[in-house]
């Protein structure tokens, strides 16, 4: 499999797209996260408080009808880029997804979006 085939398979563009992401420290060691997410060209502003960005994005995906669970997580760095690999699950179906970013948080959030697109193509 070449690189294009890998990214098309494991980091696909799909119905769910992340527009923006911001996180601020909140009380009790939590993060206050805000995002804009588009589903089939319908854009929503979302908000979640969680212990970290993965928890916040998982909550946001649940809120928009794209619930996924993380079964396994692996990360690697390549130069100045972080790659996150997630084994995601929904309704007893599993798939691997990949996300890329300049930080662990960015790569993880992108991997969650990729996992949702792989498990739930054409979300409502």
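The set of residues from region 86-108 being farther than 24 Å from residue 24 by Cα and without any contact (Cβ under 8 Å) to a residue 60 or more places away in the chain comprises 86, 87, 88, 89, 90, 91, 92, 93, 94, 95. Residue-level check: of (1) farther than 21 Å from residue 120 by Cβ; (2) in a helix (DSSP H, G or I); (3) under 16 Å from the mean Cα position of the chain (by Cα), residue 4 misses just (3). With respect to (1) crowded, with 21+ Cβ neighbours inside 10 Å; (2) farther than 21 Å from residue 3 by Cβ; (3) touching a helix residue (DSSP H, G or I) at 6+ places or on another chain (Cβ under 7 Å); (4) touching a residue at least 40 places away in the same chain (Cβ under 8 Å), the lone exception for residue 33 is condition (4). One residue alone among 16, 54 is out of contact with any strand residue (DSSP E or B) (no Cβ under 6 Å at 6 or more places or on another chain) and touching a residue at least 24 places away in the same chain (Cβ under 8 Å), and that residue is 54.
Just so you know, all these numbers are worked out from the coordinates, no wet-lab data involved. On a predicted model such as this, the values are computed, not experimentally measured, just so you know. Cβ sites come from the backbone with ideal geometry, for glycine too, and all protein chains shown count toward neighbours.
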